[in-house]
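The numbers here are math on the coordinates, done by the rules we state, and not lab data. For clarity, every value in this text was computed on a predicted model and none was experimentally measured. Positions of Cβ are backbone-derived with ideal geometry, glycine not excepted, and every protein chain shown enters the neighbour counts.
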Amino acid sequence: MARLKGAEDPRYLIRPHGFNMASKTGASFKDLVNTFRQGRFQPLYFIYGAEGFLMDELQAVLIENALQPHEHDFNLEVIFGPEASTPDVLSRCASLPMMAERRVIIVRGFDEMDERNLDRKKSFGTYAENPNPAAVVMLMCNRKPNLNTNPYRALKKHAVWGEFKTLYENKLPGWISQRLRAKGFVAQGGAAQMIAEAVGPDLRTTSNEINKLIAYAGEQQAITEEDVIHAAGHSREANVFELQKAVGQRSYERALFIANELLSAASSRSGEALMIIAILTSYFTKLWKLTSCLESGMQNNAMAGHIGVSPYFVGDYVSACRTLGPNVIRRAFHALLAADMELKGGSERDERLILTLMLGRLCAKKRAFS
Amino acid sequence: MAAEPSPSSSLFPVDAFETESTYRVTARKYRPQTFGDMVGQDHVARTLGNAIRLDRLAHAYLFSGPRGVGKTTAARILAKAVNCTTPLDERENAEPCRNCESCKSFEAGRSMNIIEVDAASNNKVEDIHELRDTVRIPPQGAKKKIYILDEIHMMSKGAFNALLKTLEEPPPYVLFIFATTEPHKVLPTILSRTQRFDFRRISVTEIIERLREICKTETIEADDESLLLLARKADGALRDAFSLFDQSVSLCGTPLEGAALREALGVVDTDLFFEVTDRAAASDRAGLLKLVERLMSRGYDLPEFLGGLAEHLRNLLVARSTGKGDLVEATEAIRARYVETARDRSESDLLHLLMLVEEASRNIRTSKHPRLSVELALLKIASLETATDLEQLIGKLNAIESAPTQEQTTSEPPSSYSPELPKKPEKPVREIQVSKAETTDAASEDEPLPFSPEPPKPSSSVTEPLPSAPTTSSPAHSGLFGTPALQITRDPSGDGSGGPEAALAVAGDVAVAIASPGNDLDVPLGRIKTLWPDLVQTIKADRIHVGTLLEMSEPTRVVRGSVEVATPDDFSRKLLESEVVKFSSALSDLLEDKAPPLRFVVDSSSNGEPAKEVDPFERFKQLRHENPVIQALFEKFGAEIVW
C-alpha cells in the first residue's frame, strides 16, 4: 500500500492535548493524528467534509500507526465507495484480524456507496451501535452528508466523528509555513503568502506546489520569494507581483515591460491578461481600503489585518497608496473594468493593446491617457 | 519473473527509430534529448532534475502549455532520466546519459517500461481499464514504469474517473506524466493529484537564438529580419518556428532574406504602416487610397492589415510614452525609427487613431465591402485634427484672454474674435466660458479639452453652473476604451449629488458648461412667480391632475433664457414636459407677452425629503476636487465662479 508523502515525518503537526469525543465540533485533524500516534484507536471513525487532502493525510497516519508494514497484506483494506456494497463492506468490518492486533478498513467516498439503496446502507447504523472491537473502521465522505438521516445520524452519535472543512484563506499562509517546516524548510519573507496567493485554498494543490517548490529548491533550506516566482516559470523581473509594485510606483515603462513579458510567455493570452486584471483589481481594492485606514491613523499591523495582507508587505501598500493618492486609486477601477469588458468580448483589440492602454491609465500622472 | 507483455495495440510505441529516411524535419531532428537542450523552460528542467537527484519525484505530473513549447519532449526526457541506469553521481543535474541500455532502448522505441499513450484516440473507459491492468505489472529491469499520456484533456469523463482511482492509490513503481494544451478540461480531482508544471511560451529572443544555432549547423544563411519574422510568426511555439523555417527554406531558398520571406508569409511590411501614419499626418488622402489599392493588388488580408496597423500604433504609443524603443518587438533599426516617428505625435492623437482602427476592425467583420471600411477608416485618420491643432487653438484663446479686454464687465460681441477660431464642425459642441486666466501659461502638456469655438449666444448676465448639462463626447475622449464600460449615472436632479460616479467617468463623459454670458434678466421671473397660481388654476380647470402636479412645482430660476421649474420627482417632470406647449400658451396669455420657454427639472428640495443646505461655493469646491475636468477648466482656462 502506497503511503502519502509528508505524513511520516514525526514533527508533523503534533501538539498533544486531550481529545474529547463528545465535543460539538467533533474531533479535529490534529486530535485524531495525536491519538493515532499515541497508539489509541477507536473501532469506528466517521469523517466528512470537503477537505479531501486532510483525509488522505489522516488515512496515511492511521495506516502507519495502526499496522506494521508486514501486516498490511492481510489486515488492511482500502475500499472505494462507488465500487463497493454495504453487505460486502460490513462483512469485511466484522472479520477478525489475521496475525495482527487489529484490522484496518478504510472506506473512501462512503457517501457514494449504495447511493440508490439507502435502506441497505442503514445497516451501518446498527454496526455503529456495536462495532467490531478488533477492527478500526474509518468511513470517509467527500462532502457533508445529510446528518439527520441514517446511517449518518447513528454514525455521528456512536462513532468518533470529525468534519474537515476547507481552510480559511487567511489561515493558508500559516499552514504553508508549517508544512514547509515539517519538511525541514523555512519560508522566508513573504514566500508563504505568495504561495497562498498564487495557488488558492485547495490544500492538495497547495501541497503539490510545496513539493514542487522543495524539488526546485534542491539543497537549499530556505524558500525565498524569488524561488516561488522562479519555480512558477516567471522571471525575477517579470511577474505579477512586480507588476503590482511597478503600478504602485507609477512606473509605466516598467509595468509595460512586465505585462509584455507575462503576455508573451503565457499559454493563453487572454487568460493571462484577465489574471493580471484580477490581481490588479484586488491590489487596488486593498489600496482603496487602505486609504481610509491611513486617514484614521491605524497602526501598521491593524492595517495589515484590515486589508488582508501580511504585515511584511504592508509597507509597500502604504507607500503605493501615498504615491497614487485616493483619486487615482478610485479612477483605476474604471480602467480595470473597461479593460476587463474589452477582454471579455467588448472589443476587437488584442490583449497586449488593451493592457498597454490600461496600464497607461493606471500609471498616468497627468491623466494624459484619459 | 513473468515476461512483461508488450504494450497493447492501443498503446503507441515511442517514435520508431528512423534509419531509412535521410531528410527529417527540423523540429524532429533537433528535438531536445536532455534537460539542458530544452529552450525557455528552465524552471521545469531544474525542478525535474532536482526531483530525480534528491528522490523527490511525485507519482504524477501534469505538463500544460500551448503547443510546440516542449511538453511531450520534457515528458520523454523525464522518463528517460528517471529510468537511466547510470549512477546519479555521474550525471550532472540528473540528465539522462543516453548511453545506458535503458536510454538507448527508449530512444530506439523499444523500451518496455516507458509507455506512451495518445489519450486523444484512447479516450474511452475501456482503454483506461486496459491501462490499469498493465499498471499492476511492475517494471522490468528499471526503476519505474512510466506512462506518458499525451493530450489528456481529450479523455472522456468516465475515463478520467477510471484513472482517478489509480492516481489516488498508485503502486510505488508507477510514474504518470500527462501532457495537455488545455488543463481546464482536465477534471479538478485529477489536477489536484498531479504536480503541475506550466510551460511558458518561448520568447522571441530565445527562438531567434535557437534558429541561429540551427542555421549555423545546417550552414544556412539567414538575415536578422527573416529570423525575427519567423520567431514572431511562431507566436512562442518553437515547433512552429521550425516548421516555418523548413517551409521558408524550401520556398525562398538560401540565403533567407527578410523581403522574400515577408512576401512568402504574407506579412505586411512595417514600412507600409509607417507610410500610413506618415500620409495620415500629411492628410494625404489620395496617397492612402492608393495604398489600399496596393494592399489589395498584393493580396493582403485586410483584417490582418488592420491588426498590424493597431500593433504599429501601439508601438508608436509605447515609444512615445516611454521615449524608448526597448519595448517594441522589432529589429534595432525599426525601433529607432519608432522612437523617431513617435516624437512628433501626441499620445491623444495616437489614442484617437487606435480608436478609429478598432472601429474599422469591428466593422470589417460584418461589412460586405471590407475594402470600403478600410478606406473609410484611413480617410478618417487622414482628416483627423491633431491635438497639436487644438493646442494651437488653446494658445490663440489664451492670447485673446490675456489681451486687455473688458469682456467680464461688458460682454464683448463674440463676433469680434470668432473669425480667429477655425471652425471645427466635427467636434462636439461644449459651452465653456473662459472669463479670466488664472494661469497665463495655459500649458498644452495636458490633453486639450474639446470645446466649441462658437460664440456664446447673448441672453442674460446671470450664469449658472450646470454640472449635469447634456454631453457629447468627442471620440478622442470617449473613454480610453471606446464606449465606456461604466455608464455614468447622471443625477436627474442636476445638483451634482451623483458626485462619485460622475468623478469616475472619463473626462469626455463629464460635461461642464458654464453658461454663456447673456441677459437672463429679460425674463420676468418675478412676474411668472406671481402669476404661477393663476397658471395652475387655468390648467386645473382643463386637466385637474396636470394642474395638481403643476401646483406642486415652482419656477425657481432663469437659466439661459428659459425658466427652470422644480418638480418633486421624475414622473412629474416627464408628465409636465409633455404638456409644456399648453403651459406656454397659457402663460403667454397671462403675461400678455411671449412666454419664455419652461424647463422642468427634478428638485430634491421639493421632494418631501429634507433638502441639504449646501453652500454653492462649497459644493463647487467639492466638484472641482472630484472632477478633473472642472479642475482643468480652472487651471487651464482660468474659469471662475461667477454667480
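Things to note:
- D by Stokes-Einstein for the stretch A:10-163, Kirkwood Rh over Cα pairs, 4 °C, 1.567 mPa s: 83 µm²/s.
- Shown is the FRET efficiency for A:W288 and A:A50, computed with R0 = 35 Å from the Cβ-Cβ distance and rounded to the nearest 0.05: 0.65.
- Whole-percent pair-distance distribution, where bins are 10 Å wide, for the alpha carbons of the stretch B:179-229: 20, 31, 17, 21, 11, 0
- Between A:F333 and B:Q140, the simple label model (points 7 Å from Cα in the Cβ direction) yields a spacing of 6.7 nm.
- Here the ratio of the Cα radius of gyration of the stretch B:525-612 to 2.2 N^0.38 Å is 1.01.
- Annotation: the stretch B:204-264 has a Kirkwood hydrodynamic radius of 11.0 angstrom, from the mean reciprocal C-alpha pair distance.
- Separation in nanometres of the label points that stand 7 Å from Cα toward Cβ, at B:K529 and A:S319: 6.0 nm
- Per residue convex hull volume, Cα atoms of chain A, in Å³: 178 Å³
- Shape summary of the stretch B:269-383, radius of gyration then Dmax from alpha carbon positions: 13.6, 40 Å.
- Simple Cβ-charge dipole of the stretch A:167-233, Lys/Arg +1 and Asp/Glu -1, about Cα centre, in debye nearest 20: 320 debye
- Average beta-carbon neighbours from other chains, 10 Å sphere, peptide A:117-126: 0
- Chain A, dipole about Cα centre (Lys/Arg Cβ +1, Asp/Glu Cβ -1), debye to the nearest 20: 1200 debye
- Largest to smallest principal axis extent of the C-alpha atoms in the stretch B:122-207, angstrom: 46, 33, 22
- Taking the DSSP bridge list for chain A and keeping only pairs wholly inside it, about 5 percent are antiparallel.
- For the Cα trace of the stretch A:132-279, dividing Rg by the Kirkwood Rh returns an Rg/Rh value of 1.15.
- Remark: mean inter-chain Cβ contacts per residue of A:333-343 equal 5, using a 10 Å Cβ-Cβ cutoff to other protein chain atoms.
- Counting every pair of alpha carbons in the stretch B:32-198, the share spaced more than 23 Å apart comes to 34 percent.
- Scattering curve values for the stretch A:167-233, log₁₀ I(q)/I(0), Debye with Cα scatterers, q = 0.14, 0.22, 0.29 Å⁻¹: -0.32, -0.83, -1.53
- The ratio of the alpha-carbon radius of gyration of the stretch A:141-194 to the globular-protein estimate 2.2 N^0.38 Å is 1.74.
- Here the spin labels are modelled as points 7 Å beyond Cα on the Cα-Cβ line, and at A:S270 and A:M98 they lie 5.8 nm apart.
- Inter-chain Cβ neighbour average for residues A:204-212, partner chain, 10 Å: 5
- Residue-span extension gain [A:E226 to A:Q38] - 0.36 nm each, minus C-alpha spacing: 63.7 nm
- Diagonalising the gyration tensor over the Cα atoms of the stretch A:263-370 and scaling each eigenvalue by 5 before taking the square root yields semi-axes of 28, 16, 10 Å, largest first.
- Sites matching trypsin sites (Lys or Arg not before Pro) across the stretch B:112-191 that sit in DSSP coil, with at most 12 neighbouring C-beta atoms within 10 Å: B:R136
- The base-10 log of I(q)/I(0) for the stretch B:172-304, evaluated at q = 0.10, 0.17, 0.22, 0.23 Å⁻¹, reads -0.53, -0.95, -1.20, -1.26 [Debye formula, identical scatterers on Cα atoms, solvent excluded].
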